[in-house]
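Contents: one structure, followed by commentary.
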Amino acid sequence: MDAVFGKVSEILELGGPVVAILIVTSIATLSLVLYKLWQFRAAGVGRHIELSRAIEAWDRKDLAETRAHLNKSRSYLAPVIAMALSGEDRTLSERTDAEAEARFTQLEQGFNVLDMVAQLAPLLGLFGTVMGMIEAFQTLQGAGNSVDPSLLAGGIWVALLTTAAGLAVAMPTSMVLTWFEARMNRERTFANRALRTVFAPGYAEDALGTDQTPQPVFAHGT
């Protein structure tokens, strides 16, 4: 453990305040990513098997099976689908779309922070490198005629350390953010398809041209 702290102290001493900021940023970013993973798991993101079966049953006008699968679902979208199924008119469509979007927005909280880290960490590392290069060349200038090449080389690699640290923080953050955004895009696609199926079920097409209108199977709030 002491060796780890000693290594961290050495890196901080070499990289200066920029590396210290990047280390703190990386810890905060990791904490946020772990929280989002827990939030996604708790909400049931991507786990819509029962909800999909309920939609398929509704599309076949199998009302009993629709209720059974909907009651088993633990998806965060289940209340939205239940609201849609309780509607007696199609004006409820905009309301359910808004309810679904509100849930998506809650799940996407923190994405802007990850995006900011992915964009600013390399710039912060580059800033540290520029400052280190300036310091290295100032040292070289102060040496006058007795120039030691190793002095310049040492200053340059220390300066480049901050750029490496910035990229080390930015690259995994960018990859994780891309994965989160892809998951949410799939969630939106699923919700849109599910709600459109509820409001325009397949069995309703058989009644096209007649006075039959699909009736709600759930009272609102069940």
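The values are calculated or read from the model by the stated rules, or taken from the named source; none is laboratory data. Here the structure is a predicted model, which means the values were calculated and not measured. Because the Cβ atoms are built from the backbone with ideal geometry, glycine has one as well, and the counts that use them run over all protein chains shown. These area figures cover heavy atoms from the full protein model, side chains too; ligands, DNA and RNA do not enter into them. Shrake-Rupley method; radii C 1.70, N 1.55, O 1.52, S 1.80 Å.
Against the conditions (1) touching a Ser or Thr at 6+ places or on another chain (Cβ under 7 Å); (2) at pLDDT below 95; (3) open to solvent by less than 40 Å² (accessible area, probe 1.4 Å); (4) closer than 24 Å to Ala182 by Cβ, Ala54 satisfies every one except (4).
Every residue, every condition in (1) open to solvent by less than 40 Å² (accessible area, probe 1.4 Å); (2) under 23 Å from the mean Cα position of the chain (by Cα); (3) under 30 Å from Ser174 (Cα atoms), yes or no:
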{"position": "Asp59", "(1), (2), (3)": "no, no, no"}
{"position": "Thr66", "(1), (2), (3)": "yes, no, no"}
{"position": "Ser75", "(1), (2), (3)": "yes, yes, yes"}
{"position": "Met83", "(1), (2), (3)": "yes, no, no"}
{"position": "Thr105", "(1), (2), (3)": "no, yes, yes"}
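Of everything in the range 107-130 that is among the polar types (S, T, N, Q) and open to solvent by 50 Å² or more (accessible area, probe 1.4 Å), the residue that is farthest from Gly44 (Cα to Cα) is Gln119.
I need the full set of residues from the range 166-193 which are loosely packed, with under 15 Cβ neighbours inside 10 Å and hydroxyl-bearing (Ser, Thr, Tyr), in order please. Once the filter is applied, which keeps residues that are loosely packed, with under 15 Cβ neighbours inside 10 Å and hydroxyl-bearing (Ser, Thr, Tyr), the range 166-193 yields Thr178, Thr189. Pairing each residue of the range 42-68 that is more than 17 Å from Gly202 (Cβ to Cβ) with any residue that is open to solvent by 70 Å² or more (accessible area, probe 1.4 Å), provided the two are 6+ apart or on different chains, yields C-beta distances under 8 Å for Gly44/Arg74; Gly46/Arg186; Arg47/Arg74; Glu50/Lys72; Glu50/Arg74.
Residues in the range 95-104: is at least one more than 24 Å from Val176 (Cβ to Cβ), small (Gly, Ala, Ser) and at pLDDT below 85? So far as the range 95-104 goes, no, none of its residues is more than 24 Å from Val176 (Cβ to Cβ), small (Gly, Ala, Ser) and at pLDDT below 85. Output the residue which, of all residues in the range 85-102 that are in contact with a helix residue (DSSP H, G or I) (Cβ under 8 Å, 6 or more places away or on another chain) and either of a type in the set (Asp, Glu) or within 23 Å of Met184 (Cβ to Cβ) (or both), is surrounded by the fewest Cβ atoms within 10 Å (Cβ to Cβ). Per the stated criteria, the residue is Arg95.
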